[in-house]
Amino acid sequence: MPSSNLIHRLPRHLKLSELRVFIAVFELGSFHRAAAAVHLTQPAVTKSIAGLEKMLGVKLFERLTNGVEPTSFGRSFAPRALAVFSELRRAAQELNSLRSGATGTLRVGTVPMPAIPFLPIAIRRLGEAQPSCAVAVIEAREAELLDRLRKGDIELAILRLSLLELDADMLATALFDEQLAVLAGRDHPLVERERLSWDELLEQRWVIPPPDCIFYEYLLRNLAGQGLAMPRASVEAYSVPVQVGLTQHGGLLSFGMRSRFEFGDQRHRLMRLPFEFSCAARPVAVVSLRCRERGPLAQQLITHICAQYAQTPSP
(Lines give C-alpha, C1' and ligand atoms only; values in the text may rest on other atoms or scores of the structure.)
Protein backbone atom coordinates (compact mmCIF):
# COMPACT_ATOMS: atom_id res chain seq x y z
CA MET A 1 0.00 0.00 0.00
CA PRO A 2 1.51 3.40 -0.98
CA SER A 3 2.41 5.51 2.04
CA SER A 4 0.32 8.46 0.84
CA ASN A 5 -2.75 6.20 0.55
CA LEU A 6 -2.18 4.87 4.08
CA ILE A 7 -1.94 8.40 5.49
CA HIS A 8 -5.44 9.12 4.20
CA ARG A 9 -6.93 5.72 5.02
CA LEU A 10 -5.63 5.30 8.57
CA PRO A 11 -7.63 8.07 10.32
CA ARG A 12 -10.83 7.04 8.49
CA HIS A 13 -10.67 3.26 8.76
CA LEU A 14 -8.78 2.51 11.96
CA LYS A 15 -11.05 0.87 14.54
CA LEU A 16 -10.44 1.47 18.25
CA SER A 17 -11.46 -2.12 18.93
CA GLU A 18 -8.66 -3.39 16.67
CA LEU A 19 -6.22 -0.97 18.28
CA ARG A 20 -7.24 -2.22 21.72
CA VAL A 21 -6.64 -5.82 20.65
CA PHE A 22 -3.25 -4.89 19.15
CA ILE A 23 -2.11 -3.29 22.42
CA ALA A 24 -3.20 -6.35 24.40
CA VAL A 25 -1.28 -8.71 22.09
CA PHE A 26 1.76 -6.42 22.09
CA GLU A 27 1.88 -6.21 25.90
CA LEU A 28 1.05 -9.86 26.63
CA GLY A 29 2.91 -11.52 23.74
CA SER A 30 0.14 -14.02 23.09
CA PHE A 31 -3.17 -14.16 21.23
CA HIS A 32 -4.53 -16.49 23.90
CA ARG A 33 -3.66 -14.20 26.83
CA ALA A 34 -4.80 -11.13 24.90
CA ALA A 35 -8.17 -12.77 24.21
CA ALA A 36 -8.70 -13.32 27.94
CA ALA A 37 -7.64 -9.74 28.74
CA VAL A 38 -10.06 -8.11 26.28
CA HIS A 39 -12.84 -10.69 26.82
CA LEU A 40 -12.86 -12.05 23.26
CA THR A 41 -12.31 -15.48 21.75
CA GLN A 42 -8.89 -16.28 20.34
CA PRO A 43 -10.25 -16.51 16.76
CA ALA A 44 -11.74 -13.03 17.21
CA VAL A 45 -8.36 -11.69 18.29
CA THR A 46 -6.66 -13.39 15.33
CA LYS A 47 -9.23 -11.90 12.95
CA SER A 48 -8.84 -8.43 14.49
CA ILE A 49 -5.04 -8.47 14.10
CA ALA A 50 -5.34 -9.79 10.55
CA GLY A 51 -7.73 -6.96 9.67
CA LEU A 52 -5.39 -4.37 11.19
CA GLU A 53 -2.41 -5.81 9.30
CA LYS A 54 -4.37 -5.76 6.04
CA MET A 55 -5.41 -2.16 6.54
CA LEU A 56 -1.85 -1.05 7.44
CA GLY A 57 -0.28 -3.17 4.74
CA VAL A 58 2.43 -4.54 7.06
CA LYS A 59 2.94 -7.57 9.28
CA LEU A 60 2.73 -6.60 12.96
CA PHE A 61 3.60 -9.91 14.67
CA GLU A 62 5.66 -12.99 14.01
CA ARG A 63 3.85 -16.15 15.10
CA LEU A 64 5.99 -18.34 17.36
CA THR A 65 5.34 -21.74 18.93
CA ASN A 66 4.79 -20.23 22.38
CA GLY A 67 3.22 -16.88 21.44
CA VAL A 68 3.97 -13.95 19.18
CA GLU A 69 6.74 -11.39 18.82
CA PRO A 70 6.25 -7.91 17.35
CA THR A 71 7.96 -7.17 14.07
CA SER A 72 9.84 -3.94 13.50
CA PHE A 73 6.55 -2.53 12.17
CA GLY A 74 4.74 -3.64 15.32
CA ARG A 75 7.35 -2.10 17.61
CA SER A 76 7.18 1.16 15.66
CA PHE A 77 3.37 1.24 15.73
CA ALA A 78 3.00 0.41 19.45
CA PRO A 79 3.97 3.78 21.04
CA ARG A 80 1.49 5.63 18.83
CA ALA A 81 -1.25 3.12 19.57
CA LEU A 82 -0.61 3.50 23.29
CA ALA A 83 -0.65 7.28 22.91
CA VAL A 84 -4.14 7.18 21.39
CA PHE A 85 -5.62 5.55 24.48
CA SER A 86 -3.57 7.65 26.89
CA GLU A 87 -4.90 10.79 25.22
CA LEU A 88 -8.46 9.45 25.47
CA ARG A 89 -7.93 8.77 29.19
CA ARG A 90 -6.48 12.23 29.57
CA ALA A 91 -9.50 13.74 27.81
CA ALA A 92 -11.84 11.86 30.14
CA GLN A 93 -9.89 13.10 33.18
CA GLU A 94 -10.08 16.70 31.97
CA LEU A 95 -13.81 16.43 31.27
CA ASN A 96 -14.37 15.01 34.77
CA SER A 97 -12.30 17.85 36.23
CA LEU A 98 -14.33 20.46 34.36
CA ARG A 99 -17.57 18.78 35.42
CA SER A 100 -16.50 18.84 39.07
CA GLY A 101 -15.44 22.50 38.94
CA ALA A 102 -11.66 21.96 38.89
CA THR A 103 -9.48 23.63 36.27
CA GLY A 104 -7.25 20.62 35.81
CA THR A 105 -5.44 17.67 37.36
CA LEU A 106 -1.71 17.05 37.16
CA ARG A 107 -0.42 13.52 37.79
CA VAL A 108 3.25 13.40 38.75
CA GLY A 109 5.38 10.31 39.32
CA THR A 110 8.52 10.37 41.40
CA VAL A 111 11.12 8.29 43.13
CA PRO A 112 11.40 9.18 46.84
CA MET A 113 14.88 10.68 47.07
CA PRO A 114 14.79 13.63 44.64
CA ALA A 115 11.16 14.42 45.38
CA ILE A 116 11.48 15.27 49.05
CA PRO A 117 11.21 18.05 49.96
CA PHE A 118 11.46 20.25 46.85
CA LEU A 119 8.43 18.69 45.13
CA PRO A 120 6.04 19.47 48.03
CA ILE A 121 7.27 23.07 48.04
CA ALA A 122 6.71 23.37 44.28
CA ILE A 123 3.24 21.82 44.61
CA ARG A 124 2.39 24.31 47.34
CA ARG A 125 3.40 27.19 45.10
CA LEU A 126 1.42 25.73 42.21
CA GLY A 127 -1.63 25.51 44.48
CA GLU A 128 -1.20 29.12 45.53
CA ALA A 129 -1.08 30.21 41.88
CA GLN A 130 -3.86 27.85 40.74
CA PRO A 131 -6.17 27.29 43.76
CA SER A 132 -8.63 25.11 41.83
CA CYS A 133 -6.09 22.69 40.39
CA ALA A 134 -5.55 19.18 41.71
CA VAL A 135 -2.27 17.24 41.90
CA ALA A 136 -1.80 13.48 42.26
CA VAL A 137 1.67 12.20 43.25
CA ILE A 138 2.55 8.58 42.45
CA GLU A 139 5.69 7.18 44.07
CA ALA A 140 7.42 4.24 42.38
CA ARG A 141 10.74 2.95 41.07
CA GLU A 142 12.25 4.33 37.87
CA ALA A 143 11.20 1.52 35.52
CA GLU A 144 7.61 1.58 36.76
CA LEU A 145 7.40 5.35 36.33
CA LEU A 146 8.51 5.12 32.71
CA ASP A 147 5.91 2.41 32.13
CA ARG A 148 3.22 4.61 33.68
CA LEU A 149 4.29 7.49 31.42
CA ARG A 150 3.77 5.35 28.34
CA LYS A 151 0.38 4.18 29.58
CA GLY A 152 -0.72 7.75 30.28
CA ASP A 153 -1.17 7.20 34.02
CA ILE A 154 1.13 10.14 34.76
CA GLU A 155 2.17 13.21 32.77
CA LEU A 156 5.58 13.80 34.35
CA ALA A 157 8.18 11.68 36.14
CA ILE A 158 10.91 13.14 38.34
CA LEU A 159 13.93 10.87 38.63
CA ARG A 160 17.71 10.55 38.47
CA LEU A 161 18.92 9.90 34.94
CA SER A 162 22.08 8.16 36.05
CA LEU A 163 20.11 5.09 37.14
CA LEU A 164 18.66 4.26 33.72
CA GLU A 165 18.88 4.78 29.97
CA LEU A 166 15.99 6.68 28.43
CA ASP A 167 14.47 5.44 25.18
CA ALA A 168 14.06 7.74 22.18
CA ASP A 169 10.37 8.30 22.93
CA MET A 170 11.23 10.06 26.21
CA LEU A 171 11.97 13.76 26.65
CA ALA A 172 14.10 14.80 29.64
CA THR A 173 14.46 18.32 31.03
CA ALA A 174 17.32 18.61 33.50
CA LEU A 175 16.44 20.44 36.71
CA PHE A 176 19.75 20.38 38.55
CA ASP A 177 22.74 18.16 39.31
CA GLU A 178 22.84 16.10 42.47
CA GLN A 179 26.08 15.76 44.39
CA LEU A 180 27.00 13.30 47.11
CA ALA A 181 27.73 14.83 50.54
CA VAL A 182 28.57 13.78 54.10
CA LEU A 183 26.05 15.12 56.61
CA ALA A 184 26.21 15.63 60.36
CA GLY A 185 24.06 17.12 63.10
CA ARG A 186 24.67 20.76 63.94
CA ASP A 187 26.27 19.86 67.27
CA HIS A 188 28.65 17.21 65.87
CA PRO A 189 32.31 18.03 66.75
CA LEU A 190 33.46 17.76 63.12
CA VAL A 191 31.16 20.60 62.06
CA GLU A 192 33.73 23.17 63.24
CA ARG A 193 36.51 21.68 61.11
CA GLU A 194 37.54 23.45 57.90
CA ARG A 195 39.04 20.35 56.27
CA LEU A 196 38.60 16.62 56.79
CA SER A 197 40.30 13.52 55.42
CA TRP A 198 38.44 10.32 54.54
CA ASP A 199 40.42 8.40 57.17
CA GLU A 200 39.12 10.79 59.82
CA LEU A 201 35.57 10.28 58.62
CA LEU A 202 35.97 6.49 58.65
CA GLU A 203 36.74 6.66 62.37
CA GLN A 204 33.28 8.11 63.07
CA ARG A 205 30.03 6.27 63.72
CA TRP A 206 27.76 6.10 60.65
CA VAL A 207 24.18 5.29 59.74
CA ILE A 208 24.21 3.47 56.37
CA PRO A 209 21.40 2.13 54.15
CA PRO A 210 21.23 -1.70 53.81
CA PRO A 211 23.07 -3.46 50.94
CA ASP A 212 19.83 -4.23 49.06
CA CYS A 213 19.06 -0.50 48.75
CA ILE A 214 19.75 1.16 45.39
CA PHE A 215 21.41 4.10 47.17
CA TYR A 216 23.84 1.70 48.85
CA GLU A 217 24.80 0.36 45.41
CA TYR A 218 25.40 3.92 44.25
CA LEU A 219 27.59 4.64 47.29
CA LEU A 220 29.59 1.45 46.88
CA ARG A 221 30.18 2.04 43.18
CA ASN A 222 31.25 5.67 43.54
CA LEU A 223 33.40 5.24 46.62
CA ALA A 224 35.21 2.32 44.99
CA GLY A 225 35.77 4.46 41.90
CA GLN A 226 37.54 7.03 44.07
CA GLY A 227 39.56 4.45 46.01
CA LEU A 228 37.58 5.13 49.18
CA ALA A 229 36.46 2.45 51.62
CA MET A 230 32.81 2.17 52.62
CA PRO A 231 32.31 3.28 56.25
CA ARG A 232 31.32 0.61 58.73
CA ALA A 233 27.68 0.92 59.70
CA SER A 234 27.06 1.53 63.38
CA VAL A 235 23.38 1.58 62.47
CA GLU A 236 21.78 0.19 59.31
CA ALA A 237 18.53 1.91 58.31
CA TYR A 238 16.55 1.87 55.06
CA SER A 239 14.19 4.69 56.07
CA VAL A 240 15.45 8.15 55.13
CA PRO A 241 13.61 9.83 58.06
CA VAL A 242 15.33 7.38 60.43
CA GLN A 243 18.70 8.20 58.86
CA VAL A 244 18.03 11.92 59.25
CA GLY A 245 16.91 11.50 62.86
CA LEU A 246 20.01 9.51 63.78
CA THR A 247 22.21 12.09 62.06
CA GLN A 248 20.50 15.01 63.77
CA HIS A 249 20.03 13.55 67.25
CA GLY A 250 22.19 10.42 67.46
CA GLY A 251 25.59 11.88 66.68
CA LEU A 252 26.06 9.71 63.58
CA LEU A 253 27.30 10.71 60.15
CA SER A 254 25.31 9.86 57.02
CA PHE A 255 25.41 10.24 53.27
CA GLY A 256 23.00 12.59 51.56
CA MET A 257 22.31 14.20 48.23
CA ARG A 258 22.20 17.87 47.40
CA SER A 259 18.43 18.15 46.91
CA ARG A 260 17.64 16.58 50.28
CA PHE A 261 20.10 18.85 52.06
CA GLU A 262 19.48 22.15 50.27
CA PHE A 263 15.71 22.09 49.71
CA GLY A 264 13.25 22.35 52.57
CA ASP A 265 14.06 22.49 56.27
CA GLN A 266 16.86 19.89 56.44
CA ARG A 267 19.43 22.56 55.70
CA HIS A 268 18.50 24.04 59.08
CA ARG A 269 18.86 20.70 60.89
CA LEU A 270 21.88 19.10 59.22
CA MET A 271 25.32 20.35 58.27
CA ARG A 272 27.36 19.44 55.22
CA LEU A 273 30.89 18.46 56.26
CA PRO A 274 33.91 19.83 54.33
CA PHE A 275 34.77 16.76 52.29
CA GLU A 276 34.36 16.91 48.51
CA PHE A 277 33.71 13.77 46.48
CA SER A 278 35.06 13.55 42.95
CA CYS A 279 32.20 11.37 41.67
CA ALA A 280 30.19 12.75 38.80
CA ALA A 281 27.10 14.77 39.57
CA ARG A 282 23.78 12.94 39.26
CA PRO A 283 21.30 14.86 37.11
CA VAL A 284 17.71 15.07 38.31
CA ALA A 285 15.25 15.62 35.47
CA VAL A 286 11.59 15.86 34.58
CA VAL A 287 10.77 13.18 32.01
CA SER A 288 7.74 13.06 29.74
CA LEU A 289 6.72 11.47 26.43
CA ARG A 290 7.91 13.27 23.30
CA CYS A 291 4.61 12.60 21.54
CA ARG A 292 2.57 14.33 24.26
CA GLU A 293 2.79 18.06 24.80
CA ARG A 294 3.20 19.06 28.42
CA GLY A 295 0.11 20.76 29.78
CA PRO A 296 0.01 24.19 31.46
CA LEU A 297 0.01 22.75 35.00
CA ALA A 298 3.02 20.57 34.19
CA GLN A 299 4.93 23.54 32.80
CA GLN A 300 4.07 25.65 35.84
CA LEU A 301 5.22 22.94 38.23
CA ILE A 302 8.57 22.71 36.44
CA THR A 303 8.91 26.50 36.64
CA HIS A 304 8.28 26.45 40.40
CA ILE A 305 10.88 23.72 40.91
CA CYS A 306 13.52 25.56 38.88
CA ALA A 307 12.79 28.89 40.59
CA GLN A 308 13.08 27.22 43.98
CA TYR A 309 16.45 25.75 43.09
CA ALA A 310 17.78 29.05 41.75
CA GLN A 311 16.86 30.81 44.99
CA THR A 312 18.49 28.21 47.21
CA PRO A 313 21.79 29.47 48.62
CA SER A 314 24.89 27.38 48.15
CA PRO A 315 26.11 25.57 51.29
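Quick look at the numbers
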{"read-out": "Verdict on R33 being closer than 28 Å to E293 by Cα, modelled with pLDDT under 95 and basic (K, R)", "value": "no"}
{"read-out": "L228 vs. criteria in contact (Cβ under 8 Å) with a residue 12 or more places away in the chain, surrounded by 14 or more Cβ atoms within 10 Å (Cβ to Cβ) and assigned to a helix (DSSP H, G or I)", "value": "no"}
{"read-out": "Of all residues making up region 157-206, the number that are farther than 22 Å from F118 by Cβ, in contact (Cβ under 8 Å) with a residue 12 or more places away in the chain and assigned to a helix (DSSP H, G or I)", "value": "5"}
{"read-out": "Residue in region 164-174 that is surrounded by 15 or more Cβ atoms within 10 Å (Cβ to Cβ) and within 27 Å of G245 (Cβ to Cβ) present", "value": "no"}
{"read-out": "All positions within region 207-219 that are modelled with pLDDT under 90 and outside any loop (DSSP other than H, G, I, E, B)", "value": "I214, F215, Y216, E217, Y218, L219"}
{"read-out": "Residue that is surrounded by 13 or more Cβ atoms within 10 Å (Cβ to Cβ), of a type in the set (A, V, I, L, M, F, W, C), outside the structural domain of A24 (by TED's automatic domain parsing) and more than 30 Å from A78 (Cα to Cα), where the choices are V135, V191", "value": "V191"}
{"read-out": "Enumeration of residues in region 34-52 that are surrounded by 17 or more Cβ atoms within 10 Å (Cβ to Cβ) and closer than 14 Å to V68 by Cα", "value": "A34, A35, V45, T46, I49"}
{"read-out": "Identity of the residue in region 32-79, of a type in the set (V, I, T) and free of Cβ contacts under 8 Å to residues at least 24 places away in the same chain, that ends up nearest to H8 (Cα to Cα)", "value": "V58"}
{"read-out": "Conditions (1) surrounded by 16 or more Cβ atoms within 10 Å (Cβ to Cβ); (2) closer than 30 Å to Q130 by Cα; (3) not assigned by TED's automatic domain parsing to the domain that holds V137; number of the one not met by E87", "value": "(1)"}
{"read-out": "Qualifying helices (runs of 4 or more DSSP H) (wholly inside region 1-75; at least 1 residues being of a type in the set (S, T, N, Q) and touching a helix residue (DSSP H, G or I) at 6+ places or on another chain (Cβ under 8 Å))", "value": "16-28, 42-56"}
{"read-out": "Meets criteria (of a type in the set (F, W, Y) and under 28 Å from S288 (Cα atoms)) for F26", "value": "yes"}
{"read-out": "Residue, nearest to S288 (Cα to Cα), within region 154-200, restricted to residues that are at pLDDT 90 or above and acidic (D, E)", "value": "E155"}
{"read-out": "Failed criterion for R260 (all others in (1) assigned to a helix (DSSP H, G or I); (2) at pLDDT below 90; (3) in contact with a strand residue (DSSP E or B) (Cβ under 8 Å, 6 or more places away or on another chain) hold)", "value": "(3)"}
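The values are calculated or read from the model by the stated rules, or taken from the named source; none is laboratory data. What you see is a predicted model; the values in this text were computed from it and never measured. Note that each Cβ is placed from the backbone with ideal geometry, even for glycine, and that neighbours are counted across all protein chains shown.
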